[in-house]
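To start, the structure itself, in structure tokens.
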Amino acid sequence: METAALLVLSFFGLLNLFIFQRFKKPLLPMVLALLVSLFVFFLSPALGLLVFLLGQTLAFYQAGKR
């Protein structure tokens, strides 16, 4: 179960990085959100997915303001 969650987290993280790169948005917030969520995922998978969703949402919000 954790493997499937990690694959989903990685897939959507890389997809979002591709989208940010394609639309010339700053990648640093997205990369930081992905790294923090992966770190937290190994501590607690459910909390890691929650941090991933929150981090991606904040990164998209910040990118939309620019």
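The values are calculated or read from the model by the stated rules, or taken from the named source; none is laboratory data. All values reported here derive from a predicted model rather than from experimental measurement. A quick note on method: Cβ atoms are made from the backbone with ideal geometry, for glycine too, and the neighbour counts reach across all protein chains shown.
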Which residues, taken from the range 23-38, are surrounded by 14 or more Cβ atoms within 10 Å (Cβ to Cβ) and in a helix (DSSP H, G or I)? PRO29, MET30, VAL31, ALA33, LEU34, VAL36, SER37, LEU38
When restricted to PHE41, PHE20, PHE52, the only residue modelled with pLDDT under 85 and surrounded by 17 or more Cβ atoms within 10 Å (Cβ to Cβ) is PHE20
